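Remarks on the structure that follows.
Nothing in this text is a laboratory measurement; each read-out follows from the coordinates by a stated rule. Fair warning: this is a prediction, and the values are worked out from it, not measured in the lab. Here the Cβ is made from the backbone with ideal geometry for all residues, glycine too, and neighbour counts use every protein chain on show.
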Amino acid sequence: MFQGNVEIIITLSGTKIIEGIEFNAFPPPSTLIKAMEKQWAEKLIENGTVRLNSLEFYQNLENDELGDSTEGLGELKSKGHPYNVSSVNKIFVWCGALPDTSFPTLLSLDTKYDTVIRVVNPLEFTKRIELALIDKDYSFAHPHIGSINYSRSDEVDMKSVQSQFFHWNVFQKRKKYTHQNEYRLAFTDTSFTLENDEPIDLEIGSCLDLVQLIKT
């Protein structure tokens, strides 16, 4: 995964930063899968066409599976008192699923989905997205990647509230979405100039070595 000796920075909240990528848990999964439209799957494989949407986009999306009005709005409770957190910066994400997720579940997330892809090296995929953002002169913090915790509004003790990692709200959703088994690549804008409703469209180069079309 990483060649030779690498520096591992362990943050105060327990995440690990390795070669400029922050991991909620390390190592990351060896593969990810994702449902999408075949036309976009082919463009991803051939040209590296990637779209990143903001968390606000999903807050406003009218889709029972992909839309979530509480997206990015983290909440835990201790003794009945809610503790909420959100992000000042704009967060853009690419969402996949862990490899044990069923294909029918993924294909049911949107009526337009007709294909499932496999990303065979999520780490390299993340790096290429980061490089494409740099090439287009975007100003972003290092990528932050991890599985979604389906724990929104859970009752926990205060120690658990205080031990949450930075930007934990980006990786938290309600239990109703547990079946999605989501793994997320998150990119934090540091320019404070990007619009909420505008996606970021990138070309990260041919992904023939990274992405496989596995179901049509």
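Odds and ends about this structure:
- Relative contact order computed over the chain (Cα-Cα under 8 Å; 6+ residues apart), in percent: 34
- Secondary-structure-derived ellipticity at 222 nm for the chain, considering helices only, amounts to -5000 deg cm²/dmol, per-run term -39500 (n - 2.57) for DSSP H runs with n ≥ 4.
- For the pair residue 118 and residue 19 in one chain, pulling the backbone fully straight at 0.36 nm per residue adds 33.3 nm over the alpha carbon distance.
- Fully extended contour minus Cα-Cα distance, from residue 64 to residue 194, at 0.36 nm per residue: 44.2 nm
- Shape analysis of the chain yields a ratio of the Cα radius of gyration to the Kirkwood radius, Rg/Rh, of 0.95.
- Computed P(r) (all Cα pairs; the range 55-139; 5 Å bins; percent): 3, 10, 14, 16, 19, 19, 12, 5, 2, 0
- For residue 215 and residue 79, a Förster radius of 45 Å and the Cβ-Cβ distance give a FRET efficiency of 0.45, rounded to the nearest 0.05.
- The range 45-86: trypsin sites (Lys or Arg not before Pro) falling in loop per DSSP and having at most 15 other Cβ within 10 Å: 79
- Selected from 138, 167, 60, residue furthest toward positive end of dipole (the range 29-215; charges at beta carbon): 167
- For the residue pairs 38/176; 34/159; 77/112; 16/176, alpha carbon separations beyond 31 Å are given by 34/159; 77/112.
- Eligible aspartates and glutamates near residue 173 by straight Cα distance, threshold 13 Å, same-chain separation 8 or greater: 65, 68, 71, 75, 154, 182
- GluC sites (Glu not before Pro), loop per DSSP, at most 12 other Cβ atoms within 10 Å - longest free stretch of the chain: 63-194
- Between the residues 95, 70, 149, the greatest Cα displacement towards the positive end of the dipole of the chain, with unit charges on the Cβ of Lys, Arg, Asp and Glu, is found for 149.
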